[in-house]
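Quick one: the structure is below, questions incoming.
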């Protein structure tokens, strides 16, 4: 289903600025360690104000990650139904954690256990939680912030889930002592694999009907986590959206799916993305089946094949769905593959490529007027 756009990139950036070491008002980081057997082994509460600068910067970087990325790809707006907000245990727990500023140990324990029992991650990990209250500055009609005028207090918390991996012993050289020492292996905290902010910062105010969810992997958005913590099934992962879009484009267009058509589709969608960026539209871009159908028509696809695409789109994504273009095309590359060969071309020069049958055999033709290298060696052309 196509949901309403909740948070946009501009609103996410505004909250990210709260996590700069010289601007943060965050007091404490709460968390726990979960081992590979899904057991909560230990909990902690660390004061940010008493940390040395390097340590606080590392913590803030880990906590800022769940609100960093691309909306619709690694950042996903998830919506609660009205019934969930009124009745669901998942939403009640999130609201209670927010209300107490993460200072209720029973609530935190309930949250830690809920995550530990359901999340599927290889090895151990830590759960990091931080609460903040942001006095949202009033913005005048020209967009300028007036920091001395605020009528909105945005109370929220962020969760980061970071894998913990054992490091290997290394040999260290101590300059002062002019000697070598063996450093024993320890445990390193990796960048967050997933996380979220609750509630969403929508129209520069709290929206308890939504949460901003982060997933590092575009192939696995951990539906077991979103179901347990939010009671919400996440949308199809970004990588799967690209794969399915490519499949239905190929199958629906059938004999009309030629290289020229694919080049034209990528070019048209790329132009839509550029116009969206140039016009400084705050809402993330998403294209519906009708908008994509119009693109196909502009690329010379017949009405019959456009209808076949629309039907396949409905079957795979839903009648009201809309896909972020970044999950359909890669503007930075144009790749042609066969079982034995992969050809990568600058997207701006994809018109150089031809697919042609010669004497019954299929060929990929690429003009080669300039220097040609094979494994770094410049080669010459034969006469034949």
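The values are calculated or read from the model by the stated rules, or taken from the named source; none is laboratory data. Because the structure is predicted, anything quoted here is derived from the model rather than measured. Glycine also receives a Cβ, built like all others from the backbone with ideal geometry; neighbour counts cover every protein chain displayed.
May I ask you to say which residue of 355, 365 is closer than 19 Å to residue 261 by Cβ and touching a residue at least 60 places away in the same chain (Cβ under 8 Å)?
On the way: 365 fails: touching a residue at least 60 places away in the same chain (Cβ under 8 Å).
Residue meeting the stated conditions: 355.
Would you be able to say whether some residue in segment 250-269 is part of a loop (DSSP other than H, G, I, E, B), at positive phi and not assigned by TED's automatic domain parsing to the domain that holds residue 362?
no
While we're looking at this one, here's another question. Grab the strands (runs of 3 or more DSSP E) fully contained in segment 18-95, keeping just those with 2 or more residues being more than 24 Å from the chain's Cα centre (by Cα).
Filter on segment 18-95 gives 28-34, 40-47.
Continuing with the same structure: Could you grab me the full set of residues in segment 136-152 that are at pLDDT 70 or above and more than 27 Å from the chain's Cα centre (by Cα)?
Across segment 136-152, the qualifying residues are 137, 138, 152.
Of the residues 293, 297, only one is within 25 Å of residue 238 (Cβ to Cβ), out of contact with any strand residue (DSSP E or B) (no Cβ under 9 Å at 6 or more places or on another chain) and in a helix (DSSP H, G or I); which?
293
Right, another one. If only one of 11, 36, 55 is out of contact with any helix residue (DSSP H, G or I) (no Cβ under 7 Å at 6 or more places or on another chain), surrounded by fewer than 13 Cβ atoms within 10 Å (Cβ to Cβ) and modelled with pLDDT of 90 or more, which one is it?
Exactly one residue qualifies, and that residue is 36.
Restrict the check to segment 290-310 and report whether at least one residue is surrounded by 19 or more Cβ atoms within 10 Å (Cβ to Cβ), in contact (Cβ under 8 Å) with a residue 40 or more places away in the chain, in the same structural domain as residue 256 (by TED's automatic domain parsing) and within 30 Å of residue 202 (Cα to Cα).
No.
Moving to a separate point now. May I ask you to say which residue of 204, 258 is modelled with pLDDT under 95, farther than 30 Å from residue 351 by Cα and either surrounded by 15 or more Cβ atoms within 10 Å (Cβ to Cβ) or out of contact with any strand residue (DSSP E or B) (no Cβ under 6 Å at 6 or more places or on another chain) (or both)?
Exactly one of 204, 258 is modelled with pLDDT under 95, farther than 30 Å from residue 351 by Cα and either surrounded by 15 or more Cβ atoms within 10 Å (Cβ to Cβ) or out of contact with any strand residue (DSSP E or B) (no Cβ under 6 Å at 6 or more places or on another chain) (or both), namely 204.
Next up: Looking only at segment 330-347, count how many residues are surrounded by fewer than 11 Cβ atoms within 10 Å (Cβ to Cβ) and either at pLDDT below 85 or outside any strand (DSSP E or B) (or both).
Final tally of qualifying residues: 6.
If residue 327 passes every condition in (1) more than 23 Å from the chain's Cα centre (by Cα); (2) surrounded by 12 or more Cβ atoms within 10 Å (Cβ to Cβ); (3) closer than 17 Å to residue 246 by Cα but one, which one does it miss?
(1)
Out of curiosity, is residue 215 touching a strand residue (DSSP E or B) at 6+ places or on another chain (Cβ under 6 Å) and within 18 Å of residue 71 (Cβ to Cβ)?
Yes.
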